[in-house]
Amino acid sequence: MAEPTRPRLAVWKFASCDGCQLSLLDCEDELLAVDEALDIAYFPEASSAMVEGPYTLSLVEGSITTAHDVARIREVRAQSRHLVTIGACATAGGIQALRNFADVDDFVAAVYASPDYIATLATSTPISAHVAVDFELQGCPINKVQLLEVLSAFLAGRRPAIAAHSVCIECKRRGNVCVMVQGTPCLGPVTHAGCGALCPAYRRGCYGCYGPMETPRTAALAREWQALGVAPREIRHAFRSFNAGAEAFREESEAHDDQAT
Amino acid sequence: MTTKRLSVDYLARVEGEGALDLEIEGDRVAAARLRIFEPPRLFEALLRGRGYVETPDIVARICGICPIAYQMSAAHALEDAFGIRVEGQLRALRRLIYCGEWIESHALHVVMLHAPDFLGYPDAMRMAADHRDIVRQGLEVKKVGNEVLRVLGGREIHPVNVRVGGFYRLPTRRELAGLADRLERAHELAVGLVRLVATLPFPDVERDYELVALRHPDEYPFNEGRLVSSRGIDIDIADFDTTFAERQVPHSTALHSHVRERGAYLVGPLARYGLNFDRLPAEVQALAREAGLGPRCLNPYRSIVVRALEVVFACQEALRIIAAYEPPEAAAVEVVPRAGEGIGCTEAPRGICWHRYETAADGTIRTARIVPPTSQNQPSIEADIAAVAGSVLDQPDEVIRDRCARSIRNHDPCISCSAHALRLRVRRR
């Protein structure tokens, strides 16, 4: 076997739920083939054999919330030819970025009796706020088929073919009846595709877990929500969840703050 | 006196970031600390002020491996606060989706994270080179668990179909019938896995755990029951705080739990099995005996057999629920929020997951408290490490490290959950 020529894969974790790296282990039918095509050199969740870098491709899950992790992500970048972020935490800061809109000391004190022991930053930030990122795969969690496409693309030296359009297109393809026209508020029109329009297929509105699509018209959608009778607080929360730190969603959520007009 | 510190800086094959520190003074273990440096994500704080409708979706993100556990405990707690009961077929569907999570999570641990320890491999991929069938069978079982989650929940990780009051969309009989064929196959494979893992080489160890699990009048527990222990605790889930206490320790971002009067306790498959053996179907009991287990198992290494048995049970239970399925009239019972306090406790794959919420009149979350399984197990895991390290102190550091890391993996810790990565540092003095 051409052992030394196989590209070396590393999988890193920062503040996260482990779900996006689990997507790789959830490729039950493809995992052994992936292992043959790639040298899985560093993937502590799956293997105690941890091979030192450099790595051809690093997949990074999670957001940056500690000073230690600020330094660690720089080391990861230095050891990686390509760096791809996987999921909403790594790409937009994740649900833990809700602290960015609050007083972090107040947050820590709400959870821990001795907040002094807890070393955490005031913000949860995406990987791209700290180092250069070669590709961002959105989703909370990511879609494992898209993850395989990303791996294939980097193996072949091409850009991943990941559509940047909205969930609406997937909804039409799936033949869903639009939930908005039935009066259910939905973030689908501004949300990046990738989930397969899951929530509308399960008779609920999209809650935006794939983050903003390319050039989302968030203000226009917020007006539609208002017309459906949704209160400003609910609109704020809708944009301020798993991708609260993504610029387009952050700005729209701030437009519906209590003090905003 | 010689002092020595040994450490495992990043524990492998566990979910999340932790390390292990061991301090050895002469010929005794002075301290064993499971050091959890998983960055805290502060869920209890970020939930304040959020709506009850979005709470099951938010708490799912505590753990990508057991999101259903968080969704279920939250849904039950909020229903408790609002004075709602979810019964009949909707209750059965909740058990069904939970079966999917147990199958997926346990199969992952049995084959991919735990078995390599017994067979001497760093991971399942390398193990597959010599034991391809085991890995393939394990992955196939895992896949069926994920299919249950996908049909009922929309997707495997962070399913979208669970809500306070029930579900957003009901599965059709046809969708469930398709699952039944797959579950029959998974059941057969899981029985084979039990027989196979029962032959692994197990260290002859028994630990003196106080086992804690839910206990239901007729069922092997998923969503409901009283909290019981092997030392006589038998309380309503609402009385958790009178019997158990959480404590913060400097070396962990996960709070430690104790039985107030005594100390460490254990939750998870060994506890569930040991306290509910009589609630398992006769065939599963017979399979357990065939695999060399009595009605209680206190050998943490043999937890791999108990997990495989629980997969067999979950496949059977899922098939029973599907056979009896009659689509109910509505996907959810009517939810009218009110100001109140509610408590939920369900059996995550790794043990009890306890939630408490206070709500405002419109259902807004005023306060949240979440006690995940792994944080409850930390003191027992540390006691296991101290004991195993004490028995191999004359061995090279690499052996000590390996045995300690194995002791931790016996409990399938989910550190992402508990802190809402493991390093082993050994210090000899």
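The values are calculated or read from the model by the stated rules, or taken from the named source; none is laboratory data. Keep in mind that what you see is a predicted model, and the values were worked out from it rather than measured. Cβ: placed from backbone, ideal geometry, glycine included. Neighbour counts: every protein chain shown.
Across the range A:3-20, the qualifying residues are those that are charged (D, E, K, R) and outside any strand (DSSP E or B), and the one among them that is nearest to the other protein chains (Cβ to nearest Cβ) is A:ASP18. Any idea how many residues of the range A:43-69 are at pLDDT below 90 and part of a helix (DSSP H, G or I)? Number of matching residues: 0. Considering the conditions (1) under 24 Å from A:LEU147 (Cβ atoms); (2) buried (at least 16 other Cβ atoms within 10 Å of the Cβ), A:GLU214 is excluded by exactly one of them, (2).
Quick test for you: out of B:CYS345, B:CYS417, B:CYS353, pick the one residue that is at pLDDT below 90, outside any loop (DSSP other than H, G, I, E, B) and in contact with a helix residue (DSSP H, G or I) (Cβ under 8 Å, 6 or more places away or on another chain).
Every option except B:CYS417 fails the conditions.
With the condition kept exactly as written, say whether any residue in the range B:188-196 is buried (at least 19 other Cβ atoms within 10 Å of the Cβ), more than 14 Å from every other protein chain (Cβ to nearest Cβ) and in contact with a Pro (Cβ under 8 Å, 6 or more places away or on another chain). The answer is no; no qualifying residue exists.
What is the number of the single condition among (1) at the interface with another protein chain (Cβ under 7 Å from one of its Cβ atoms); (2) closer than 22 Å to B:GLU15 by Cα; (3) outside any strand (DSSP E or B) that A:ILE40 does not meet? (3) is the only condition that A:ILE40 fails. Within the range A:62-79, the set of residues being at the interface with chain B (Cβ under 10 Å from one of its Cβ atoms) and not charged (D, E, K, R) comprises A:GLY62, A:SER63, A:ILE64, A:THR65, A:THR66, A:HIS68.
Report whether or not A:SER23 is facing chain B (nearest Cβ under 7 Å) and surrounded by 23 or more Cβ atoms within 10 Å (Cβ to Cβ). Considered against the rule, which asks whether it is facing chain B (nearest Cβ under 7 Å) and surrounded by 23 or more Cβ atoms within 10 Å (Cβ to Cβ), A:SER23 comes out as yes. If you filter the range B:9-50 down to residues that are among the small types (Gly, Ala, Ser) and either buried (at least 19 other Cβ atoms within 10 Å of the Cβ) or under 20 Å from the mean Cα position of the chain (by Cα) (or both), you find that the one that is farthest from the other protein chains (Cβ to nearest Cβ) is B:ALA32. Residues of the range A:104-161 that are within 18 Å of B:ALA254 (Cα to Cα) and aromatic (Phe, Trp, Tyr): A:PHE107, A:TYR112, A:TYR117.
Per-residue answers, yes or no, for (1) crowded, with 19+ Cβ neighbours inside 10 Å; (2) more than 14 Å from every other protein chain (Cβ to nearest Cβ); (3) hydroxyl-bearing (Ser, Thr, Tyr); (4) part of a loop (DSSP other than H, G, I, E, B):
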{"site": "A:VAL108", "(1), (2), (3), (4)": "yes, no, no, no"}
{"site": "A:ALA113", "(1), (2), (3), (4)": "no, no, no, yes"}
{"site": "A:THR123", "(1), (2), (3), (4)": "no, no, yes, yes"}
{"site": "A:GLY139", "(1), (2), (3), (4)": "yes, no, no, yes"}
{"site": "A:ILE142", "(1), (2), (3), (4)": "yes, no, no, yes"}
{"site": "A:VAL145", "(1), (2), (3), (4)": "no, no, no, no"}
{"site": "A:SER152", "(1), (2), (3), (4)": "no, yes, yes, no"}
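For the range A:222-233, does any single residue satisfy the condition of being exposed (fewer than 15 other Cβ atoms within 10 Å of the Cβ), under 30 Å from A:HIS82 (Cα atoms) and away from chain B (no Cβ under 14 Å)? Taking every residue of the range A:222-233 in turn, none turns out to be exposed (fewer than 15 other Cβ atoms within 10 Å of the Cβ), under 30 Å from A:HIS82 (Cα atoms) and away from chain B (no Cβ under 14 Å). Filtering A:PRO185, A:PRO189, A:PRO200 for residues that are in a helix (DSSP H, G or I) and within 13 Å of chain B (Cβ to nearest Cβ) leaves a single hit, A:PRO200. At least 1 residues being modelled with pLDDT of 95 or more and buried (at least 22 other Cβ atoms within 10 Å of the Cβ) is the threshold, and among the helices (runs of 4 or more DSSP H) wholly inside the range B:236-314 those reaching it are B:269-276, B:282-290. Only one of the numbered conditions (1) at the interface with chain B (Cβ under 9 Å from one of its Cβ atoms); (2) not in a loop (DSSP other than H, G, I, E, B) is violated by A:HIS82, and that is (1).
Where residues in the range B:51-67 are of a type outside the set (D, E, K, R) and assigned to a helix (DSSP H, G or I), which of them is nearest to the chain's Cα centre (by Cα)?
Ranking the candidates gives B:PRO67 first.
Residues of the range B:109-126 that are in a helix (DSSP H, G or I) and at the interface with chain A (Cβ under 10 Å from one of its Cβ atoms): B:MET112, B:LEU113, B:PRO116, B:ASP117, B:ALA124, B:MET125, B:ARG126. In the set A:LEU98, A:LEU57, only one residue is facing chain B (nearest Cβ under 7 Å), more than 24 Å from B:GLU104 (Cβ to Cβ), surrounded by 20 or more Cβ atoms within 10 Å (Cβ to Cβ) and of a type in the set (A, V, I, L, M, F, W, C); that residue is A:LEU98.
Scanning the range A:120-158 for residues that are out of contact with any helix residue (DSSP H, G or I) (no Cβ under 7 Å at 6 or more places or on another chain) and either hydroxyl-bearing (Ser, Thr, Tyr) or closer than 24 Å to B:ARG48 by Cβ (or both) yields a count of 3. Set side by side, the residues A:LEU155, A:LEU148 differ, and just one is more than 23 Å from A:ILE73 (Cβ to Cβ) and either modelled with pLDDT of 95 or more or touching a Phe, Trp or Tyr at 6+ places or on another chain (Cβ under 6 Å) (or both), which is A:LEU148.
Of all residues in the range B:68-102, those being in contact with a His (Cβ under 9 Å, 6 or more places away or on another chain) and not in a helix (DSSP H, G or I) number 1.
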